[in-house]
Amino acid sequence: MDTKLLAEFPFKKAENLRRVLVVTHRNADVDAYASAYGVAHILRRLNSKCGVSVAAPEGLSTLAKLVHSEYPLEVVSTPSFNEQDMVIIVDTGHAQLLSDWVEPIRRVECSKVLIDHHPHSESVKQLVDHLLVDEEATSTSEIVLSILEAKHIKIPQKVAEVLLLGLMTDTAGLSLAECKTLENAVKLC
């Protein structure tokens, strides 16, 4: 993925962001939660005054709840779309995975970004202004790692651990890993 494009994230002056909503797919898996966790860290490092909310339609999967209990991050069940300066959708290749939140996301008048490793459908592409999609990545957590590196943001241990969990679960314990995946796992270790 183009390092210049990654470095441009969030595609708007970070100091102008007051409220950002990070949205995952319904019944968010570990990669979705880890990606949201990593994106929240990036945004808070770029602007310490920015309020970041994370939301998942229908909540978190059972395994993601376990990760959440060890690496807590507030996940709101009823997000306020209209009060946002930006909406960032992570790990969501199709709009149907956003459940009832598709129309509120479509209507909100703020910048919208998609970060994902799945082939994206037109349905989700039409919702956003900016795409950070790398279909060669085996997890969205890897793309978040690439953003951290491109922006030269130090990765705290907890963030590295959560991203590693996202990478590990989406690759079935590295059984689906590519060479780049293994390199990223080593970096996170």
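The values are calculated or read from the model by the stated rules, or taken from the named source; none is laboratory data. These numbers were taken from a predicted model, which means no experiment stands behind them. Note that each Cβ is placed from the backbone with ideal geometry, even for glycine, and that neighbours are counted across all protein chains shown. For accessibility, only protein heavy atoms count, side chains too; no ligands or nucleic acids. Shrake-Rupley method; radii C 1.70, N 1.55, O 1.52, S 1.80 Å.
Kindly indicate the residue of segment 81-96 that is touching a helix residue (DSSP H, G or I) at 6+ places or on another chain (Cβ under 9 Å) and in a loop (DSSP other than H, G, I, E, B) and also most open to solvent (accessible area, probe 1.4 Å) among those meeting that condition.
Restricting to residues being touching a helix residue (DSSP H, G or I) at 6+ places or on another chain (Cβ under 9 Å) and in a loop (DSSP other than H, G, I, E, B), the top hit is Asn82.
Which of the following residues is in contact with a Ser or Thr (Cβ under 8 Å, 6 or more places away or on another chain) and surrounded by fewer than 21 Cβ atoms within 10 Å (Cβ to Cβ): Leu66, Leu6?
When all the criteria are applied, what remains is Leu6.
Which of the numbered conditions does Asp85 fail, given that it passes all the others? Conditions: (1) on the phi > 0 side of the Ramachandran plot; (2) touching a strand residue (DSSP E or B) at 6+ places or on another chain (Cβ under 6 Å); (3) of a type in the set (Asp, Glu).
The failed condition is (1).
If a residue counts only when it is among the polar types (S, T, N, Q), which helices (runs of 4 or more DSSP H) contained entirely in segment 102-189 have at least 2 such residues?
140-150, 157-170, 179-188
For the subset of segment 133-159 comprising residues that are in contact with a Ser or Thr (Cβ under 9 Å, 6 or more places away or on another chain) and farther than 19 Å from Leu174 by Cα, which member is surrounded by the fewest Cβ atoms within 10 Å (Cβ to Cβ)?
Glu149
For segment 142-157, which positions are among the charged types (D, E, K, R) and under 16 Å from the mean Cα position of the chain (by Cα)?
Answer for segment 142-157, where residues must be among the charged types (D, E, K, R) and under 16 Å from the mean Cα position of the chain (by Cα): Glu142, Glu149, Lys151.
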